[in-house]
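Here is the structure we will look at.
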Amino acid sequence: MDTLKQLDQIEKDGLAALAAASDEEALAAWRTAHLGRKSGLMAAFDGMKDLTKEERPLVGRRANEVKQALESALEKKQSALRMAALEASLSGEHLDVSLPGRAQPLGRLHPVNQTLRRIYAIFAEMGFQVYRSREVESDDYNFTFLNIPAHHPARDMWDTFHTDREGVILRTHTSPGQIHAMREYCPETIRVILPGMVYRYEQVTTRSEMQFNQVEGLAVGPNITFGDLKGTLTDFARRLFNPQVRTRFRASHFPFTEPSAEMDVECFVCMGDGCSVCKGTGWLEILGSGMVHPTVLRAGGYDPEQVSGFAFGMGPERITMLLHRITDIRHFWRNDVRFLEQF
Amino acid sequence: MRAPLSWIKDYVDLDGISIEELAHRLTMAGLEIEEITFVGLPLPPGDKHDFKVEGIEWARDKIVVAEVREVGPHPNADRLTLCRLHDGDGEHTVLTGAPNLFPYKGQGPLDPPLKVAYAREGTTLYDGHAEGWQLMTLKKALIRGVESYSMVCSEKELGISEEHEGILFLPEDAPTGIPLADYMGDAVLDIAITPNIARNANILGVAREIAALFERELKQPDTAFKAEGSPVAGQFKIQIENPELNPRFVAGLIRDVKIQPSPGWVQRRLRLAGQRPINNIVDVTNYVMLDIGQPLHAFDYDELMRRAGGKPPTLITRTAKKGEKLTTLDEVEHPLQDFTVLVADTKGSHSIAGIMGGLDTEVTEKTTNVLLEGANWNFINIRQTLGYLKMNSEASYRFSRGVHPALAPRGVGRGLELMRQWAGGTVCEGLVDEYPQPYADPTTELTAEDVRRWLGIDLAAKDIAAILARLGFATRVKGEVVSATAPDHRVDISADPVIGKADLLEEIARIYGYDNIPETRLADVLPPQRNNAALEFEEGVRDLLVRQGLQEIITYRLTSPEREDKRLPPGVAPDPKPYVTLKNPISPDRFAMRKSMLASMLEILERNARLRARLAFFEIGFVYHDSESGPLPDEKPRLVIAITGPRDLPNWQSAEPELLDYYDLKGIAEALLEGLHLTGIRYEPGQHPSFHPGKQARVLAGERQLGTLGELHPAVHGQHDLGPAPVLVATFALDALMAAAPPRHEMREVPAFPPVLEDLAFIVDEALPAGQVQALIEQTGGSTLAGVRLFDVYRGEQLGKGKKSLAYALTYQAADRTLTDDEVAKLRKKIIGRLERELGAALRA
């Protein structure tokens, strides 16, 4: 059948001519020549009316195949040419990728609040909730209820700012919050941490401040032991410093706890080998703790024959200093941007 | 307190215990060893120690006991001598200028020879002639024509004390040739004594702790004295006026003493313990105090007699009379308070009890008869007196922390015997002992269950008793119950049975070892769980501001009114409510609790003004306002925000930077309030004196003011050392913000139907606030008007004078259908109509 042969030839010629076309203009001309109204292919469609009833479907199918083949080849060719043109144009566009980016202001929490949040989060997971109380405090809450009566030698342990108002001081520790919390919650069991600012009559030096934060903790209940104190605080240290860190508890003295203990954490800088951070001891003093003194439990409304408890207190500034090797505590309230921007 | 090991060994055997182990156990048991000064003993190996290491080690092969057999002249120098010395191996000629060898010069061979500390060539020790403690190494040298390679040492050169007047003489029986370190090497423990263990502020106390910790025997001090004189009774009397303040007074008498320096070993011990030797009598009082913890006072008995008109004196203890004054040993005259206890006689007072003796009756070089006092005083009363006298002494340190009255006769007995040994004389028989208020040593009961409940360890009753017995408690076990009577050297065990129990539990834990108590996790009932809404809100605000690129600061809450007044322009009177002020400020510019966060912020802006052109800070903290309900102030949580400088951070591409202005700050405030889901917020012109009068707004929720924001008043700006750019400040009452914030907010449905967008511009009077225009558009548009956004403010001649154009992008949208053109046109018409009628606006074509 001649027409079918002609169609084969039309396809072959068309594809060959397309391969030779190399720009949009040539493609347009090719389209007119091979797919246009006057093309051989269209002539073949037109000639179908002269064919026999038997030939017509065969030629028709073949003519459509050829049309599709040419159109799809054209599309491919067009896309290839467009890609080539784009690539040619992009090759001239080069950034200096090493130039600095456009700076965006990065907001930051004060480093001490960053540490406080870590402390809150760790204790929250152990069931300790945050309880806050006032900073300008009565002498009774700061001392007397905490088993530190007037003229007691233990009062020497705190250098106190006294106000001009009788019996009113700036709290020297967050411990008054223990009494506030116990009086509010008694007879429930208690697990709270008590963060906040405290004040000491102390010269401001690289190592000491007259205003600093403390985070105190208090657990009270019918079945709380010194072993629980050790376990809870060791868990805390492992989460704050590293999972392997070792702790040790040294006997110490605080009037509001008995027995009292200082917790040392194995120096996380030298891993206990001794370095300048731990002053060669391998240990860092992190917090004071102890079993709540019966006098304090009583002041809070609890019966020390029925319940026991532990309490602890730590300095978030000191912990921040250790974590980041900050050597001067005065950086914190100085708020020099060159310091703050590092956290 | 400083405790030489050699002295501790008087009471407990330390054989087989290394210094490091000793220090570790004491530290863990609450006697923290802060420093160890080595005086000859080997330094601990390595660099890692729990304590600070000071001092030197005496090389065993280089510093030895030697004997000086003859002291001869130096051929070319009168002030030097040449010693013929034998060091156990051979003879050496040693050159020295020690003045205490001069008496032996030219006396020929000495019998017995003088025992000395001899340092061979190459030894490292302290330079006796240098200021402070400088190390030096002995080298061969030619001194005035004589070769010198070794030396005989002074105490200073060996690190024993600062004594460098002459060389150290050793006892005659010191074995020649043995290393000096073996003979008298020592180390001094510097122990931090907390108030609850003041009973251990003496050598016996430290030894008792060591004995308990290492389960060794404690040797008891010898408190007996050899008395050959006439009975003390009748030679003086004691009269106590207030037994509450002076529970016990014991005294004895020694006659015919010879005042002179104490034996060398006593002086050395005192110096190692940090006490300056004076003379044998005074040294005894100090020695006994350091030794067993009872402060003593020595009176010149003859002076007391003289004051009593030659009759046997009566020592009277009483409180001071009104206006009474007293001159103490240090020749300072003190006015006295009426609660202060004095030791007096019929002629008048002579000592401040427990604190310092008086000048008139003190022991002098001429004293021959000594009355020795060992008394007991009420520690709270002593503290009150110390409080106003601002004095401190070794005696008052102990008395103000509590001394057991049983120590008084022991101290006097031991003191009299040591005086007899060191100063000669005859001790009168017996003591005068007034003890009107005997101290009852409490007996406390506790059980194995108490130990388990409180400490979390299982100990049998007999084991509990055994631990307490190691500390000197008299214990009895009856079934599960241990009864423990406190020993008569401590006053820290409470007579309250519950507190006393806690006191014992602490002792059990200390001796059992905190290390040996297992770590457990809390198994107790979890309390009701509660949020801290205020803190959570505060943290939410922090996050919203940090997300906007602000830096948080934390400032001093102590300030001064002068500093705070600078936040106001000149001539504006500050709020007259009083500050909470300090009675004892440490710094003249920080004596009042702040009333303003703005002032704190300005201080920090000033500090950073030259460091960065662009600053963006916030602080959340408290201000302290005088309260009407009592002396405690209201502590109010506040937020302050400040921004200043270029809008963008410096950038290599940027053209001329634009400065942050009011609208930048307002954008931050709006984002904050939006983040808190506050609705219906209004910004109205404000009148806060710290702000620019035309560039400030009150932030209102309903009628309640949440805060103020605006540009810092140029006059206030000028009072601070700030850069030229305007400073934008916002202050918020955090409690008001929290009250206005909804506890939760409901979601608005995400629109499913297409919006109709349209821009409308209105020409209005210049004075009309844009907020009013927008509010009216929103109100009129109702729920179909999903958004109104001002996108342009234009002023120009064609609008006319005093007019402005406000262009708004409107979004019409319905939740349930696609709006028709008709609906939109109707609403548009309504909006335009109301704006025309109510605000005199004209639609801009």
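Coupling constants for segment B:246-253 follow from the phi torsions by the Karplus curve (6.51 cos²θ - 1.76 cosθ + 1.60, θ = phi - 60°), and in residue order they are 9, x, 8, 9, 10, 8, x, 9 Hz; glycine and proline get x.
Close amide H pairs (under 5 Å, H built 1.01 Å from N) link B:Glu32 with B:Ala192, residues at least 5 positions away or on another chain. Segment B:227-434 has equivalent-ellipsoid semi-axes of 24, 20, 16 Å, by the square roots of 5 times the alpha carbon gyration tensor eigenvalues, sorted largest first. At a probe radius of 1.4 angstrom, the accessible area of segment B:227-434 per residue rounds to 38 square angstrom.
Compared with the rule-of-thumb size 2.2 N^0.38 Å for a compact globular protein, segment B:533-740 has a Cα radius of gyration ratio of 1.02.
Bridging of B:Lys577 to aspartates and glutamates at a Cα separation below 16 Å is possible for A:Asp164, B:Glu562, B:Glu564, B:Asp565, B:Asp626, B:Glu628, B:Asp634, B:Glu635, once same-chain residues fewer than 8 apart are set aside. Could you please report the charge total around B:Gln337, scoring K, R as +1 and D, E as -1 over all other residues with beta-carbon less than 14 angstrom from its beta-carbon? So the surrounding residues net to +4.
Along its principal axes, segment A:44-131 has C-alpha extents of 99, 44, 14 angstrom, given from the largest down. Based on Cα contacts under 8 Å between residues 6+ apart, chain A shows a relative contact order of 14 percent.
Residues whose amide H comes within less than 5 Å of that of B:Leu342, counting only those at least five positions distant or on another chain, are B:Arg318, B:Thr319, B:Ala320, B:Ala353 (H built at 1.01 Å from N in the peptide plane). Shape summary: the protein assembly as shown maps onto an equivalent ellipsoid whose semi-axes, from the alpha-carbon gyration tensor, are 85, 41, 32 Å in decreasing order. A 1.4 Å probe, protein heavy atoms only, puts the accessible area of A:Arg183 near 110 Å².
Per residue, how large is the accessible surface of segment B:756-843? Use a 1.4 angstrom probe and give square angstrom. Don't skip to the answer; put the middle values down first.
Values: 5010 Å² over 88 residues.
Per-residue value: 57 Å².
Note that segment B:384-392 has calculated 3J(HN,Hα) couplings of 4, 5, 4, x, 8, 6, 6, 10, 8 Hz, one per residue in order, obtained from phi through the Karplus relation 6.51 cos²θ - 1.76 cosθ + 1.60 (θ = phi - 60°); glycine and proline are x.
Within 10 Å of each candidate Cβ there may be at most 11 other Cβ atoms; applying that plus a DSSP loop requirement, which chymotrypsin sites (Phe, Trp or Tyr not before Pro) in segment B:651-721 survive?
On the way: sites: B:Trp652, B:Tyr662, B:Tyr663, B:Tyr683, B:Phe691; in loops: B:Trp652.
For chymotrypsin sites (Phe, Trp or Tyr not before Pro) across segment B:651-721 that sit outside H, G, I, E and B with at most 11 neighbouring Cβ atoms in 10 Å, the list reads B:Trp652.
Electrostatic bookkeeping for B:Phe762 treats Lys and Arg as +1 and Asp and Glu as -1; over the other residues with beta carbon under 15 Å from its beta carbon, the sum is +2.
Mind pulling the per residue volume of the convex hull built on the Cα atoms of segment B:421-506? Å³ is fine.
Convex hull of Cα atoms, per residue: 145 Å³.
As an exercise, identify the trypsin sites (Lys or Arg not before Pro) in segment B:482-549 lying in DSSP coil whose Cβ has no more than 13 other Cβ atoms within 10 Å. Within segment B:482-549, the qualifying trypsin sites (Lys or Arg not before Pro) (loop, at most 13 other Cβ atoms within 10 Å) are B:Arg521, B:Arg530.
Eigenvalues of the alpha-carbon gyration tensor of chain B, scaled by 5 and square-rooted, set the equivalent ellipsoid semi-axes at 82, 35, 30 angstrom, largest first. Based on alpha carbons, the Rg and Dmax found for segment A:2-87 are 14.4, 52 Å.
Chains B and A together bury roughly 9300 Å² of accessible area, counting both sides, with a 1.4 Å probe on protein heavy atoms only. What separates the Cα centres of segment B:475-519 and segment B:582-616 is a distance of 51 Å.
Note: relative contact order over chain B, using C-alpha pairs below 8 Å and six or more positions apart, is 8 percent. Summary value for segment B:756-843: 42 percent relative contact order, contacts being C-alpha pairs under 8 angstrom separated by 6+ residues. Legend: distances between Cα atoms for B:Lys322/B:Lys347; B:Lys226/B:Lys311; B:Lys478/B:Lys501; pairs beyond 19 Å are B:Lys226/B:Lys311.
Listed by chain and number, the lysines placed with their C-alpha closer than 24 angstrom to that of A:Lys38 are A:Lys5, A:Lys12, A:Lys49, A:Lys67, A:Lys76, A:Lys77; residues fewer than eight positions away on the same chain are left out.
In the protein assembly as shown, the DSSP-assigned H stretches of four residues or longer account for a calculated mean residue ellipticity at 222 nm of -9000 deg cm²/dmol, using -39500 (n - 2.57) per stretch and the full residue count as denominator. Interface burial in segment B:635-668, defined as at least 50 Å² less accessible area with all protein chains than with the chain alone at a 1.4 Å probe, covers B:Glu635, B:Leu649, B:Trp652.
Let me know the volume per residue of the alpha-carbon convex hull for segment A:111-340, in Å³. Could the numbers behind the result be given before it?
Values: hull volume 29.1 nm³, N = 230.
Taking the convex hull of the Cα positions in segment A:111-340, it is 126 Å³ per residue.
In segment B:518-532, burial by the other protein chains removes 30 Å² or more of 1.4 Å probe accessible surface, compared with the chain on its own, from B:Glu519, B:Thr520, B:Arg521, B:Leu522, B:Asp524, B:Val525, B:Leu526, B:Pro527, B:Pro528, B:Gln529, B:Arg530, B:Asn532. Given a 1.4 Å probe and the protein chains as shown, B:Lys830 ends up with an accessible area of around 120 Å². Seen from B:Asp661, the other residues with C-beta closer than 11 Å to its C-beta sum to a net charge of 0, counting Lys and Arg as +1 and Asp and Glu as -1. With a threshold of 27 Å on the Cα-Cα distance, the over-threshold entries among B:Lys321/B:Lys390; A:Lys230/B:Lys9; B:Lys48/B:Lys115; B:Lys219/B:Lys462 are A:Lys230/B:Lys9; B:Lys48/B:Lys115. All Cα-Cα separations within segment B:59-184 were binned at 10 Å from zero, giving a P(r) of 14, 48, 35, 4, each value a whole percent of the pairs.
Rounded to the nearest Å, what's the spacing between the alpha carbon centres of segment B:424-472 and segment B:672-711? Just the number, please. Spelled out, the Cα-based centre of one part sits 69 Å from the other. For segment B:24-33, the Karplus equation 6.51 cos²θ - 1.76 cosθ + 1.60, evaluated at θ = phi - 60°, returns couplings of 4, 5, 5, 4, 5, 8, x, 9, 5, 8 Hz by residue, with Gly and Pro reported as x. Accessible surface for segment B:549-706, divided over its residues, is 45 Å² per residue with a 1.4 Å probe. Within the straight-line cut-off of under 17 Å between alpha carbons, the lysines reachable from B:Lys695 are B:Lys666, sequence neighbours fewer than 8 places apart in one chain being disregarded. Here's how it looks for A:Gly274: its modeled amide H is under 5 Å from those of A:Gly282, which are all 5 or more places away or on a different chain. Atom-type composition of the exposed protein surface of the protein assembly as shown places 50 percent of the accessible area on carbon and sulfur (1.4 angstrom probe). Computed over Cα pairs, the Kirkwood radius of segment B:1-142 leads via Stokes-Einstein (1.002 mPa s, 20 °C) to a diffusion coefficient of 118 µm² per second.
The values are calculated or read from the model by the stated rules, or taken from the named source; none is laboratory data. In this text the structure is predicted, and so the values were computed from the model without any measurement. Glycine gets a Cβ as well: all are built from the backbone with ideal geometry, and neighbour counts include every protein chain shown. SASA here: full protein model, heavy atoms, side chains in, ligands and nucleic acids out. Shrake-Rupley method; radii C 1.70, N 1.55, O 1.52, S 1.80 Å.
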